[in-house]
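The values are calculated or read from the model by the stated rules, or taken from the named source; none is laboratory data. Values in this document were obtained by computation on a predicted structure and should not be read as measured data. A quick note on method: Cβ atoms are made from the backbone with ideal geometry, for glycine too, and the neighbour counts reach across all protein chains shown.
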Amino acid sequence: MSEKVLMKGNEAIAEAAIQAGCHHYFGYPITPQTEVAAYMAKRMPKIGGTFLQAESEVSAINMVIGVASTGKRVMTSSSSPGVSLKAEGISYLAGCDLPAVVVNVQRGGPGLGGIQPSQSDYFQSTKGGGHGDYRNIVLAPASVQEMASLTVKAFDLADKYSMVSMILADGTMGQMMEPVSLDIGEVKTYDKPWALTGTKCEREHNIVNSLYLKPEELEVKNFERYEKYKAIEENEVMYEEYLMDDAEVCVVAFGITSRVAKNAINEARANGVKVGMIRPITLWPFPKKVLADAADKCKAFICVEMNMGQMIEDVELAIRCKKPVYLCNRVGGMIPSPEEVLAKINEVNENGGAF
Amino acid sequence: MESKRITLFAGHYGSGKTNIAVNYALRLKKDGKPVVIADLDIVNPYFRTKDSEKELSEAGIRLISSEYASSNVDLPALPQDVYSIVDNNTEYAVMDIGGDDRGAYALGRYADSIKKENNYEMFMVINMYRPLTRDVESTLEVMAEIEAACSMKFTAIVNNSNIGEETTEQDVLDSLSYAQKVSEATGLPIRLTTVDEKLYNILYGVVDNLMPLKLQEKIN
């Protein structure tokens, strides 16, 4: 009998979170991520955990702050408009250096946009979204299996660095069904001496706070936090290289568009075009080094994105604009077809080297 | 193919109801019967009977579906035409019910008429490779929740155990004892075992009441 199960991406996130020791989930329904909440509602009571449908996304993220302060693993999930509502709470989590996992199953925007898939929250997740100087670790799954494995990874990184890890998926990844192995291996745990667990009159009070009355102290705190971010940029970058050994054209794509791009690349390769792909798995920290190295070998880059060109800015920065970078995009809930990507690959391969 | 006038497909979220309902309707139509298919799913705005609109209309099957299905309007609305299924008993009707108890609530408003006519089959679609219906006990739990939500009782079981494209003939064979146990626990017969058309020839003659499925594609 197959050890695998058939799951929707959203369900895989929820089950993987539980397996990773997350027994507290706070959410609010929004298409296309509602299955995360629905799954949690069924499972949490059976394992003695907490599922709570808050009265709004704002409440849910503040409940996350509460549980995170006690050192327990905690998660919330939403889709684009709902994540905007959570932005204030995410900034507070960053200011308090609290670990938590936030899931964004993106839909079209801005505003209410539409319920079809999108990747237009790249800026929001990787550059901030909330106020202040801070970063989130951002993981971009490209299969239902990765929806599970990267959720486990997200909890690990959140605890390791005491900060927010985001899963940046999209409506397609959330809704599609694929076989999944839920064998997630051993779950690492971390000491959290800062957690609010009660002093029992045996230690000094712990205080979780993001307010600093002295500007000097707030400055030091910000510098310290960026030392941590530097370590993450050095140690936690994840990416996949596909047929890059002899590639002259480098496609850069994450999540669902990387799957479309793979089909197009296979087709182009069959016609003798030397094209490969670098797929960032961590969108922050961004895989700058591998892209910079590729810029020495390739003549041009193509970013395939379901937005108006967001990751493309990070690619241009990473390669110091050494080579031209072209955009192949669809928006509004539309997904680029392999044929569209193939046409772009052929066009760039023929004309691409020059500015 | 022997069929009651109304055939209802309900079950756990993602168990394969829509795909089976469309295939079942096409099969009824092949037998020369007048067929109508109704999409009663008010839970999932994505994978809908409407995705098969072209194939259904080419086959001459009437489709009743919310005009908001597969659109950006995430509205749990049902078209008034659904009443034509219970008001007019000259057509064979296939009803695709939304997943779980949440999806089955919408069926409740038609339950009295369906039960009064008493010429229906209500299938519970089961898949042991879905994480929340891995065993008999959890499957029975989902069944009871659905029955309570729509005020109707299941009359038979459809075993649709699969893990998507990776499904092997062995995966199907391994699911037979699970389906048998669900059948024994509920007293309901296993009316169909559904498999992808690629596995049909391999399993034909090995598994009783086998029905091939052509995977319906999501349209953008």
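Please give the helices (runs of 4 or more DSSP H) falling wholly within segment A:122-180 in which 3 or more residues are within 21 Å of A:ALA20 (Cβ to Cβ) and among the aliphatic types (A, V, I, L, M).
Once the helices (runs of 4 or more DSSP H) in segment A:122-180 are filtered for at least 3 residues that are within 21 Å of A:ALA20 (Cβ to Cβ) and among the aliphatic types (A, V, I, L, M), what remains is A:144-161.
Only residues that are modelled with pLDDT under 95 and either farther than 23 Å from A:ALA37 by Cα or under 13 Å from the mean Cα position of the chain (by Cα) (or both): list them for segment A:97-128, please.
A:GLY128 - this is the single residue of segment A:97-128 that is modelled with pLDDT under 95 and either farther than 23 Å from A:ALA37 by Cα or under 13 Å from the mean Cα position of the chain (by Cα) (or both).
Could you please give the count of residues in segment A:17-35 that are touching a Gly at 6+ places or on another chain (Cβ under 9 Å), surrounded by fewer than 21 Cβ atoms within 10 Å (Cβ to Cβ) and either small (Gly, Ala, Ser) or away from every other protein chain (no Cβ under 12 Å) (or both)?
Here the count works out to 1.
Considering only segment A:197-216, I want to know if a residue exists there that is modelled with pLDDT of 95 or more, surrounded by fewer than 17 Cβ atoms within 10 Å (Cβ to Cβ) and under 30 Å from A:LYS289 (Cα atoms).
Looking through segment A:197-216, none of the residues is modelled with pLDDT of 95 or more, surrounded by fewer than 17 Cβ atoms within 10 Å (Cβ to Cβ) and under 30 Å from A:LYS289 (Cα atoms).
Of all residues in segment B:169-220 being in contact with a Pro (Cβ under 7 Å, 6 or more places away or on another chain) and crowded, with 17+ Cβ neighbours inside 10 Å, which is farthest from the other protein chains (Cβ to nearest Cβ)?
It comes out as B:SER183.
Out of A:THR76, A:THR50, I need the residue that is surrounded by 24 or more Cβ atoms within 10 Å (Cβ to Cβ) and more than 14 Å from chain B (Cβ to nearest Cβ). Which one?
Just a single option satisfies the conditions, and that option is A:THR76.
Looking at B:ALA179, B:ALA185, B:ALA148 in this structure, which one is part of a helix (DSSP H, G or I), of a type outside the set (Lys, Arg) and within 17 Å of the chain's Cα centre (by Cα)? Walk me through it before giving the result.
Working: B:ALA185 fails: within 17 Å of the chain's Cα centre (by Cα); B:ALA148 fails: within 17 Å of the chain's Cα centre (by Cα).
So the residue among B:ALA179, B:ALA185, B:ALA148 that is part of a helix (DSSP H, G or I), of a type outside the set (Lys, Arg) and within 17 Å of the chain's Cα centre (by Cα) is B:ALA179.
Out of B:PHE123, B:PHE154, which single residue is part of a strand (DSSP E or B) and touching a residue at least 40 places away in the same chain (Cβ under 8 Å)?
The match here is B:PHE123.
Scan segment B:181-220 for residues that are farther than 15 Å from B:ILE126 by Cα, modelled with pLDDT of 95 or more and among the β-branched types (Val, Ile, Thr) and report the count.
Total meeting the criteria: 3.
Please go through segment A:60-73 and pick out each residue that is assigned to a helix (DSSP H, G or I) and surrounded by fewer than 17 Cβ atoms within 10 Å (Cβ to Cβ).
A:GLY66
For A:ALA41, all conditions in the list (1) within 13 Å of chain B (Cβ to nearest Cβ); (2) surrounded by 19 or more Cβ atoms within 10 Å (Cβ to Cβ); (3) over 30 Å from B:GLU169 (Cβ atoms); (4) modelled with pLDDT of 95 or more hold save one; what is the number of the exception?
Answer for A:ALA41: the failing condition is (2).
When both residues are 6+ apart or on different chains and their Cβ atoms are under 8 Å apart, which pairs have a first residue that lies in segment B:157-174 and is among the charged types (D, E, K, R), and a second that is in a helix (DSSP H, G or I)?
Final answer for the pair search is B:GLU169/B:LEU199; B:GLU169/B:ILE202; B:GLU169/B:LEU203.
One line per residue, one yes/no per condition, for (1) closer than 29 Å to A:ASN235 by Cβ; (2) within 14 Å of another protein chain (Cβ to nearest Cβ); (3) surrounded by fewer than 24 Cβ atoms within 10 Å (Cβ to Cβ); (4) in contact with an Asp or Glu (Cβ under 6 Å, 6 or more places away or on another chain):
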| position | (1), (2), (3), (4) |
| --- | --- |
| A:ALA264 | no, no, no, no |
| A:ALA270 | no, no, yes, no |
| A:VAL273 | no, no, yes, no |
| A:ILE281 | yes, no, yes, no |
| A:PHE286 | yes, no, yes, yes |
| A:ASP293 | yes, no, yes, no |
| A:GLU305 | yes, no, no, no |
| A:CYS321 | yes, no, yes, no |
| A:PRO324 | no, no, yes, no |
